[in-house]
Structures are given as structure tokens and as C-alpha cells.
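Every number in this text was worked out from the coordinates using simple rules, so none of it is lab data. Since this is a predicted model, take the numbers as computed values, not measurements. Cβ coordinates were reconstructed from backbone atoms using ideal geometry, including for glycine residues, and neighbour counts include every protein chain displayed.
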Amino acid sequence: MQAHYPPTIPGALPPLSLMPDQIEAPAFFVDRDLSVRWMAANGKDRFSSALARTLAPSADDNIFNLLLQPEIKESLSDWQAFFSFVYTSLRRSTARETFDRQTDFIAREDRPGADGGRVLESHVHRFQVDSTLVGEKNRQRQSALRAFCLQFTEGTLFLLRGDPWSRSEPEDKTTDRPDVFIEPADRKETICVLSARLNDSHRIADTMLADVFFKMMNQVWEATDDAVADLGGVRVGCNGAQIRYLFKCHAGRNPIFSAISCATRMNERMRRLQEKIAARMGWAEELCMNMGICHGETDTQVSGTDDCMEFMIPGGALDQSSHLSALAGKGEIWITKHAVVQLPKKLVDRVVLGIDRQGEFLRNFFTRIADLPPRQVPDRTATEMGTLAVARILNIQTPAPLETKKD
């Protein structure tokens, strides 16, 4: 599956590819005519088995005709929620004439209520990700599931996965293991992405020969690698004048706080490197990094980034952090509110962050990206992430020493 976006569309994403054999069941793909064109093979869960049996002999592969079959209804404990989610998602992304024609057989009582959400622009289909909580019916217990839809130009991919935000009940060790839908290894863990890009890199590149610039950038990346190494940061991408690091829990440290710590020390490393280059080459340009920090979640068993949804989809932690580093000013560090609220209060209290308003720094306040000065926010970022709440980090305060009581 590939999503292609005409280059003339503002905010358009680059081509995105998903190989079908990399998508685990339960999952299915619906084209623009509302026909099921693909489903993940070898799914052992009840929904995948029911869909495969229903789809095989059916002459009509219309998604709604399939979902209304009794066997499909029986495979989900909250079939109505899932049906409503699929119906609403496809209504948003399908041409009205096509949608009305392909759903005219659905009884009025089965149709979800009117959706007052987004309206798809004419001839424009932007990548969107939506989700809703559903459930899968088991004989012994019910597992919390979340349905996701990823909308591509060619159609919509639907996935059912264990809900990372629901707290499951403790498993009864005295009974036989039920035919559970999601393995326990599908639990999520917190990750954090730090994206850093060299400030004013295009102008700096114009002042030197290409081989000199690349040698200097190698020194920059060595310095940033050194800044993150002892806090468990792993380089996950480097292109041009931008580099990205992934942080997970390391030696008991919070990954978000580790990313903040690295960001605050990174420009000090740049100052040291600048002094070395100036002494050797007589070059006086200032080196500093503009940075963005975002929070996400990934499967605990994933060791790299290839299988991580946060790195697969636009709008994930990697994409957000890259946008934040692009809007950051000289040497600035920006972070999402979503990342800050994951920190324990004692760590939040140590981080000096906030926003600037009329020459005054308002600590512990946030702003939407769309409300930042237009000159600071690229059009694409304002379009795709305008509602994202962010703040600027100044520094980390050293915790005050504990007072000892005097006799």
C-alpha cells in the first residue's frame, strides 16, 4: 500500500509505503469503492477467522455487507462500536455519491448518527489516523481492544490492537490460559524522541566547501552522540543537518527527563566544539542546535524502530519532534504538553518551561502551535499540527539540598 500526494498540495506528505506482510492480523484494507481488497493472513483471533470465512464465499465484498453478517457480529463484544467507527471513518474519506450508493441497503436503525466532524476537501485526501475503543468476545473474559484506521489515498487500513490506555484485570493463574486475543507481550512502554537540527545550517554550508562542511557535521554528530550516550539515547535517524534520538527507560531514569537533560546539555557541547574549530581553522560561526521533544509509546518487545508505530505513521513522536525542531528558534528547545504531563511532579518542578507573552516568560504555560507568530511556524506545520500544545524549555534546575534539623 502506498500513499501518494501531489507535490502542489500544501502540507502534503511524502510517499508512504506499508508492506502487507509487515502488518499483523487482525487488519483489513478497504478501497475507495468500499470493497475489502486485502486482509492480514493467518489471523488466529475470532474476528479474523470470522472475516476470512465470511469473505471467502461471498460474491459481495462490500465492507458493510460483511460487517452485518451474524458471524462477524458474534466475534466482537462491542460490534456496534466497531461498526459505527468503520462507518464514520469511511463516510469522512469517501466521495458522497459512492458512499450513499454503497450503503443504501443498510437499515436506518443500523446507521450511526450524523457525524459533525471533519469534511474532506475536494480532490485532497490527507493522511489521518483515528481510533476508538472496542472489545473482543471471549468465553472466559473480555480483552480491551482499540480499533485504528489509517487513511491513505488508495483507501483505508483498519487494525484491531490491544488498547494501551486500558488497565487490564489481573489474570487468574488458577485457570487454564484463555484463548486471549492479545499476547501479554503487546504491552506498551514509554519512549521519547529528541530531534535536533543545526541552526542556520544553509547559511553555514554556503560559507565553506562541501567536504569541509561534511567534516564539520561529522564532528557535530559525534558531539551529540556523546551527549546522549550515558543517558541511554540511541540515534534513530540522521539526514542533512538534522539528527534524532530515541530514549527508553534506562537505569531507572525517566526517558522524557533523559531527553530533556540531553537537550539542555547539547548546546554546551556545541560551544566547546565551536571553540575547537575556531582555534584550528580561525572560523567564527556560532554552532547551536534547535530541538524538539515528543513522547510516544511502543511495543516492549521492539528493540529498534522498524516495527514501531510511532516511527511508521505521520503524526507520531518522530514526526512531531521533527516539526518542533523546525519551528524552534536559535538554540531553543520545544516540548509537547503531552510529554510534560507524563513526568512525575518532582521532575516537572525541576524543568523551567513556559511561553513568551508580550516580553514576559509565563512559566508552566503552553500554547497551541497555531497561536505562535506566523513567521515562526511553517505553513505545513500549522496545517498538520496546529492544535498541538507546546512550551519552550529554558533549563533544568538543580534540586535544592535537604535541610537538616538542628538540635
Of the listed peptides 344-355, 60-71, what is their order by residue-averaged count of other C-beta atoms within 10 Å, with the highest listed first? 60-71, 344-355
Using unit Cβ charges (K, R positive; D, E negative) and no other charged atoms, how large, in debye to the nearest 20, is the dipole of the range 188-396 about its Cα centre? 600
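Could you sort 262-268, 360-366 so that the peptide with the highest average Cβ count within 10 Å comes first and the rest follow in order? Numbers along the way, then the final one.
Details: 262-268: 20.1, 360-366: 13.0.
With the highest mean Cβ count within 10 Å placed first, the list reads 262-268, 360-366.
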Placing each pseudo-label 7 Å from Cα in the direction of the beta carbon, residue 376 and residue 33 end up separated by a distance in nanometres of 5.0
